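Derivation of every value follows stated rules applied to the coordinates shown; laboratory data play no part. Everything quoted here is computed from the prediction, not taken from an experiment. All Cβ positions, even for glycine, are placed from backbone atoms using ideal geometry, and neighbour counts span all protein chains on display.
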Amino acid sequence: MTQTTAPRLDRTDRRILAALAADGRLSWRDLAAQVGLSLTPVMRRVRRLETEGFITGYAARFDERRLGAAFSVFVQVSLERQAEEALETFESRIAQAPEIMSCYLMSGDADYLLRVVAADLESYQAFMTGFLTRIPGVARIQSSFALKPVIDRTAPPLG
């Protein structure tokens, strides 16, 4: 097991990350004002944070319900075997499904945890029976329906 070292970020770097996590569309000037730097140093720091992989991209957040994805379902998937080939097959197949918003390889009872969005119960059932159950090697599927989001953060603790 490899151990990762904590990234070396100073207080200003963390303030930049927190400001961008709260609003990724901040102008350079507004960002500089929020973190107490002038324009050029803040631009330089953001570029460095991008180059070093601390910032991996920028994205808009959408209201899934307004876009027709009213149901958020957490799906535990267990495979018949945990051989590398079976894992690769499963992962390549689920990458093709736009309904799958996230997927994690897990320890514990299930091999994978997925977050799936669907318009309604019938749509989810069609997705599950028409797609998920047809992936070779799937042994068990357990679905849990989210009642409401409580916390949905965009960044980990930045200290």
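Okay, here's what the table says:
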quantity: Length released on extending from T129 to R8, taking residue separation times 0.36 nm less the Cα-Cα span; calculated: 38.9 nm
quantity: At R0 = 41 Å, FRET efficiency that the Cβ-Cβ distance of R48 and A95 yields, to 0.05; calculated: 0.85
quantity: Estimated distance in nm for a label pair at A59 and W28, the labels positioned 7 Å out from Cα along Cα-to-Cβ; calculated: 2.7
quantity: Residues with amide H under 5 Å from that of M106, placed H, sequence gap 5 or more; calculated: Y112, L113
quantity: Taking Y124, Y58 and counting other C-beta atoms within 10 Å, the order from fewest to most; calculated: Y58, Y124
quantity: Helical mean residue ellipticity (222 nm; -39500 (n - 2.57) per DSSP H run of 4+; nearest 500) of the chain; calculated: -10000 deg cm²/dmol
quantity: From phi via Karplus (6.51, -1.76, 1.60), per-residue ³J(HN,Hα) for segment 140-155 in Hz, x at Gly/Pro; calculated: 8, 10, 10, 10, 10, 8, 6, 7, 6, x, 10, 9, 9, 7, 9, 8
quantity: Charge sum, other residues only, whose C-beta stays under 14 Å from A60's C-beta, Lys/Arg counted +1 and Asp/Glu -1; calculated: 0
quantity: Pairwise label distance in nanometres, L158 with D120, each label 7 Å out on the Cα-Cβ vector; calculated: 4.2
quantity: Extended-chain gain in nm, criterion 0.36 nm per residue less alpha-carbon gap, S38 and E80; calculated: 9.4 nm
